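Notes follow the structure.
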């Protein structure tokens, strides 16, 4: 599921968009490996790849929500759009992050989740990111960057701190 970013509006010139797009690319590569392992009937390999996908996807969803989504939520007219994107995130959490890779019988659920994730990523790449590039001002992008940094710092902090 490697995406060819259109970049007609130079979205990737904006550092947070570039970072999220690069994460989309990495998530797509891992998702393809999950699909391949499921298709090959290799449950152990599919589980190992799913763990990698979960490790990449969870913080990515948090960054999008705390960053771009939060900035667009502060603007009129985006509530309906963000509710759709948040519903997609909730589905990804249930169908991909909510799966125990050591369990059984999750192949179909994960494949459906990967299909939905691919559609969601396409929507973000070709719609959300170009719109956010135009709608979020410099102050807003500074807030997005700060939110991403806070999440990175929190993830790097030792447990119990």
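Quick note: the coordinates plus some simple rules give every number you see, no bench work behind them. None of these values were measured; they are calculated from a predicted model. Here the Cβ is made from the backbone with ideal geometry for all residues, glycine too, and neighbour counts use every protein chain on show.
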For helix 138-156, what angle does its Cα long axis make with the longest principal axis of the chain, in degrees from 0 to 90 and rounded to 10? 40 degrees
Using only Cα atoms, what is the ratio of the radius of gyration of the stretch 85-161 to 2.2 N^0.38 Å? 1.44
Taking Cα atoms, the helix 43-64 axis meets the longest principal axis of the chain at an angle in degrees (rounded to 10) of 10 degrees
Rounded to the nearest 500, the 222 nm mean residue ellipticity computed for the chain from DSSP H runs (n ≥ 4, each -39500 (n - 2.57)) alone is -22000 deg cm²/dmol
Top of 131, 45, 74 by mean-square fluctuation, Gaussian network on the chain, Cα under 10 Å: 74
Sort 91, 132, 21 so the one with the fewest other Cβ atoms within 10 Å of its own Cβ comes first. 91, 21, 132
At R0 = 22 Å, FRET efficiency that the Cβ-Cβ distance of residue 32 and residue 123 yields, to 0.05: 0.70
Run the numbers for residue 80 and residue 18: contour at 0.36 nm per residue of separation, minus the present Cα-Cα distance, in nm. 19.8 nm
Between helix 107-123 and the chain, what is the angle of the helix's C-alpha long axis to the longest principal axis, kept within 0 to 90° and rounded to the nearest 10? 20 degrees
With 19 Å as the cut-off, how large is the P(r) tail for the stretch 74-129, expressed as percent of Cα-Cα pairs? 37 percent
In Å, what Kirkwood hydrodynamic radius results for the chain from the alpha-carbon pair distances? 16.5 Å
